[in-house]
Amino acid sequence: MYSYTFDSVTGGIMLNSTPTNFSKEPRPVYAAEMDILGFDKYWDYDKQNDVPYMWAESNVYWYRGIQIAKTNGGDLYTAPELQPVRDEKGIVPFCAQKGEKLIPIDLAAMCAANEDLMTVIEDSTVKKIVKEYEKFKDKLDIFHVAFSGGKDSAVLLDLVKKALPKGSFVVIFGDTGMEFPDTYDAVKMTKKQCEEDGTPFYISRSHFDPKDSWELFGPPSRTLRWCCSVHKSTPQTLKMREITGKENYTGLDYVGVRKHESLARSTYEYENYGKKQKGQHSFNPLLEWTSAEIWIYMYARNLYINKAYIKGNSRAGCLLCPMSGGCSDFIRRFNYTDNIDSFIDIIKRKNNWDNYSEVELHSYVTSGGWDNRRSGRGIAGNTLKYKERSAEGKIIIDLINPNSEWKEWIKTADTVAVPITVEENSNGTTFTMLEKDVKAHPTAGKIIRQSLKKAAYCVGCRVCETNCKGGHIHFENGKVTITDCIQCHECHDIPAGCHAYNSLKIPQGEKKMKTINCFDDHAPKRDWLVSYFDLQDDFFTEHTLGPNMFTHFKRFLRDAQLIDGNKCTDFSGLICDIGWESDTALALMLVNLAFENAQFEWYINQMDIGFFYESKLLKERLMADDIKEKAANSVIKSFKRIVGTPFGTVLNFGYVTDDDDMVRTKCSISDNRVVLYALYKFAEKCNLDKEFHVSYLFNESVERDGVSPVRIFGLYDEEELKSILLGLSSAYPEFINATFTNDLQTITLRDKTSTEVLNLFKEEL
């Protein structure tokens, strides 16, 4: 909410009245963390953990307003390197060498200095909570606070208690079974306090032990995060059905989400409907708070602090998460070694670890192996259960030793519009549909396919049950029963129709993967591009490049669709007319490269916008995907060359820091028609129906052939994307119609092609 500075007098944080849209999310640093990182090699301090000594912003450490150190690197097994700041004489500030001793933060003085602003923040937030309650109190069945055991939920609960009447809400802790041991202590303490003041406190937990679910689904990954649905949202929904006694309850949950936590959360709004849980309202009272304000509130109100923070963890979450990495992984494993190693053992066992050397296995676990898994290929013991093929105008689907009863799941599909024939066999069941029926009724065909995928892979996770607002789906002893289904298809609104299928599917009929190392050590340079666009067709005879340079540059030109053989294409002429160094021309070329060049596709898919990637980490990630070390080095070097061209300097595709970190950034786009071009290329590559939900562009959990424009350009601000799409709809209704209402969030592409989109640029020139 407010900006801050580090106070040299108290050692704390001083808020000022200037609003902020960006926070570096400071956190207190205790002796326990300092000991782990080796601060005691340079500084003298008491080994107490009652009061913190300093603050950290990411990997940078501040003591009394002065940056004294930072860390670099680290993984599950390797400690990060502590890099103290030194003066011109090589001496570390405040160090033992100078006879100085670090003094703990004066928390009382810090809180007193910030009392006025914190009172304003607190009062404003309490009013928001009350207003939201008054708005819905006569309309909903239940209000609840989502408690995680972390700092944000602790502050949230304290504020809700101040705002709402006693007994008007409940507290639910969603126990994933993978929480830090210290989190359970925080939950125990909070539950006791709630019982004392008459606030109902419940714990929800999946019927799966997490280790069992990792065995069933395969370890989660960045793109296969089934764990959140299975272990968090589904048990919470079931618990609220139990509390209310209603299958189709409506409720509102107060959530401690803050927009400063991540790029994804920066686009959140205070209120939403159905985003966290289907059919439910969510309210984020702390949305504008920074972590500085959270911590000041914690200390000022003497709230219980999860000891995970004292031990150096920046967040209280799951023991082993595919979204984490680096130093945070090391800190976690250092503190909870046995707990985390039990999950690492599953990763090794489920991913055919016998086929890896010790070095390869280490790399697989620490950087870019398990957490980048996109399918069930390579999962030990995983077998094909769903097989689909086409022949003689028919679509034939085999269920091979399916996990559940297809006759139940097929009740969710329309088999009138698309009739199916069924043949039982010794290994399962074969289903046949006519291709013409599926083409005539694509949605019905899709739902039939998904119903059969559910039947093949269902493990009884109960996600479908909670997605069914009408209460038509029930599980008992892992077996599904569906009664009076109204075919609303809400149970299909999950990746590929089924979390288990999505995580374990084995891609069929794929071509051999293109090599990622497309350019070797000869990625394009600006002067090569200048020469090509100056010479055009004459470039092939008059260029001055060496043989290897020319060969690899031709690869780039071909994949950008600038050349066909030894001739320039019409697209190349268009790029010249637009001006090849303009962001518009570069964006059009980038779209083509995203779909045709495996190396550009890898940068786009593997590097998240705004994250700093150590070259070593990306190299290890490549090698974990069976890329040889030399080729991996070339891919890294190529990125550095590419972002030195106008792709980096004009389009803003990415850059390399002074510390040699590689960063992908949101592209600078001045002509939104490039987004329209990317949409058509995406739809063509994915064989999409011309109408699809806008959420499909953001959904990165689905394995597909095309790359979403959201991913290509970094358009993760949903409101910005909607604005672009609405503008395109208004200007080019013959190409696109975007509809955004409470009930409808669709993009409809007309019967056009990506080539016809390019004609829009030609007509203007």
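Look through Asp537, Asp521 and report the one residue that is in a helix (DSSP H, G or I), modelled with pLDDT under 95, touching a Lys or Arg at 6+ places or on another chain (Cβ under 7 Å) and over 30 Å from Gln280 (Cα atoms).
Result: Asp537 is the single residue among Asp537, Asp521 that is in a helix (DSSP H, G or I), modelled with pLDDT under 95, touching a Lys or Arg at 6+ places or on another chain (Cβ under 7 Å) and over 30 Å from Gln280 (Cα atoms).
Please find, within region 241-263, the residue that is surrounded by the most Cβ atoms within 10 Å (Cβ to Cβ) out of those that are of a type in the set (Gly, Ala, Ser) and either assigned to a helix (DSSP H, G or I) or over 24 Å from the mean Cα position of the chain (by Cα) (or both).
Among those residues, the one meeting the criterion is Gly251.
Among the numbered criteria (1) modelled with pLDDT of 85 or more; (2) touching a Cys at 6+ places or on another chain (Cβ under 8 Å), which one does Leu728 miss?
(2)
Take the residues in region 59-112 that are assigned to a helix (DSSP H, G or I) and surrounded by 14 or more Cβ atoms within 10 Å (Cβ to Cβ), then tell me which one is farthest from the chain's Cα centre (by Cα).
The residue in question is Ala96.
Table: residues versus (1) of a type in the set (Lys, Arg); (2) loosely packed, with under 14 Cβ neighbours inside 10 Å; (3) not in a loop (DSSP other than H, G, I, E, B).
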residue	(1), (2), (3)
Thr5	no, yes, yes
Ser8	no, yes, no
Met14	no, no, yes
Ser23	no, no, no
Pro28	no, no, yes
Glu33	no, no, yes
Trp43	no, no, no
Asp50	no, yes, no
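Name the residues in region 745-759 that are among the β-branched types (Val, Ile, Thr) and crowded, with 17+ Cβ neighbours inside 10 Å, would you?
Within region 745-759, Ile747, Val757 meet the criteria.
Which is more than 30 Å from Ile604 (Cα to Cα) and modelled with pLDDT under 80, of Asp354, Asp345, Asp338?
Asp354
Name the helices (runs of 4 or more DSSP H) wholly inside region 542-653 in which the number of residues that are without any contact (Cβ under 8 Å) to a residue 12 or more places away in the chain is 1 or more.
Once the helices (runs of 4 or more DSSP H) in region 542-653 are filtered for at least 1 residues that are without any contact (Cβ under 8 Å) to a residue 12 or more places away in the chain, what remains is 547-559, 570-578, 583-596, 629-642, 646-649.
Results for (1) among the hydroxyl-bearing types (Ser, Thr, Tyr); (2) within 30 Å of Gly460 (Cα to Cα); (3) out of contact with any strand residue (DSSP E or B) (no Cβ under 7 Å at 6 or more places or on another chain), shown as yes or no for each residue.
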{"residue": "Ile486", "(1), (2), (3)": "no, yes, yes"}
{"residue": "Gly497", "(1), (2), (3)": "no, yes, yes"}
{"residue": "Pro507", "(1), (2), (3)": "no, yes, yes"}
{"residue": "Thr515", "(1), (2), (3)": "yes, no, yes"}
{"residue": "Leu529", "(1), (2), (3)": "no, no, yes"}
{"residue": "Leu545", "(1), (2), (3)": "no, no, yes"}
{"residue": "Phe550", "(1), (2), (3)": "no, no, yes"}
{"residue": "Asp564", "(1), (2), (3)": "no, no, yes"}
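Keeping to region 477-499, report how many residues are touching a residue at least 40 places away in the same chain (Cβ under 8 Å) and among the β-branched types (Val, Ile, Thr).
4
So that you can scan it fast, the table gives a plain yes or no per residue for (1) in a helix (DSSP H, G or I); (2) in contact with a Pro (Cβ under 6 Å, 6 or more places away or on another chain); (3) basic (Lys, Arg); (4) not assigned by TED's automatic domain parsing to the domain that holds Arg205:
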{"site": "Lys131", "(1), (2), (3), (4)": "yes, no, yes, yes"}
{"site": "His144", "(1), (2), (3), (4)": "no, no, no, no"}
{"site": "Leu159", "(1), (2), (3), (4)": "yes, no, no, no"}
{"site": "Lys162", "(1), (2), (3), (4)": "yes, no, yes, no"}
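What single numbered condition from (1) at pLDDT 95 or above; (2) closer than 30 Å to Leu617 by Cβ; (3) among the small types (Gly, Ala, Ser) fails to hold for Gly73?
Every condition holds for Gly73 apart from (1).
Among all residue pairs at least 6 apart or on different chains, which show Cβ distances below 6 Å where the first residue, located in region 1-12, is touching a residue at least 12 places away in the same chain (Cβ under 8 Å) and the second is surrounded by 20 or more Cβ atoms within 10 Å (Cβ to Cβ) and in a loop (DSSP other than H, G, I, E, B)?
From residues that are touching a residue at least 12 places away in the same chain (Cβ under 8 Å), the pairs are Met1/Glu288; Met1/Trp289; Ser8/Arg64; Gly11/Arg64; Gly11/Ile105; Gly12/Ile105.
Please go through region 658-686 and pick out each residue that is part of a helix (DSSP H, G or I) and in contact with a strand residue (DSSP E or B) (Cβ under 7 Å, 6 or more places away or on another chain).
Leu676, Leu679, Tyr680, Ala683
Looking at (1) closer than 17 Å to Asp197 by Cα; (2) within 32 Å of the chain's Cα centre (by Cα); (3) exposed (fewer than 14 other Cβ atoms within 10 Å of the Cβ), find the lone condition where Leu157 falls short.
Condition (3) is where Leu157 drops out.
Inside region 134-154, can you point out the residues that are among the basic types (Lys, Arg), surrounded by fewer than 21 Cβ atoms within 10 Å (Cβ to Cβ) and in contact (Cβ under 8 Å) with a residue 24 or more places away in the chain?
Lys137, Lys139
Please find, within region 113-129, the residue that is farthest from Tyr270 (Cα to Cα) out of those that are buried (at least 16 other Cβ atoms within 10 Å of the Cβ) and in contact with a helix residue (DSSP H, G or I) (Cβ under 8 Å, 6 or more places away or on another chain).
Only one residue tops the list, namely Asn114.
Every residue, every condition in (1) of a type in the set (Gly, Ala, Ser); (2) in contact with a helix residue (DSSP H, G or I) (Cβ under 9 Å, 6 or more places away or on another chain); (3) surrounded by 18 or more Cβ atoms within 10 Å (Cβ to Cβ); (4) assigned by TED's automatic domain parsing to the domain that holds Met549, yes or no:
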{"position": "Ile627", "(1), (2), (3), (4)": "no, yes, yes, yes"}
{"position": "Val635", "(1), (2), (3), (4)": "no, yes, yes, yes"}
{"position": "Phe639", "(1), (2), (3), (4)": "no, yes, yes, yes"}
{"position": "Gly648", "(1), (2), (3), (4)": "yes, yes, yes, yes"}
{"position": "Asp658", "(1), (2), (3), (4)": "no, no, no, yes"}
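Among the listed residues Asp116, Asp152, Asp123, which satisfies the condition of being closer than 30 Å to Phe6 by Cβ, part of a helix (DSSP H, G or I) and under 29 Å from the mean Cα position of the chain (by Cα)?
Testing whether each residue is closer than 30 Å to Phe6 by Cβ, part of a helix (DSSP H, G or I) and under 29 Å from the mean Cα position of the chain (by Cα) leaves just Asp152.
Counting just the residues of region 76-107 that are among the β-branched types (Val, Ile, Thr) and without any contact (Cβ under 8 Å) to a residue 24 or more places away in the chain, which one comes out farthest from Glu620 (Cα to Cα)?
Ile91
The values are calculated or read from the model by the stated rules, or taken from the named source; none is laboratory data. The structure presented is a predicted model; accordingly, all values stated were derived computationally and were not measured. Neighbour counts run over all protein chains shown; Cβ positions are idealised from the backbone, glycine included.
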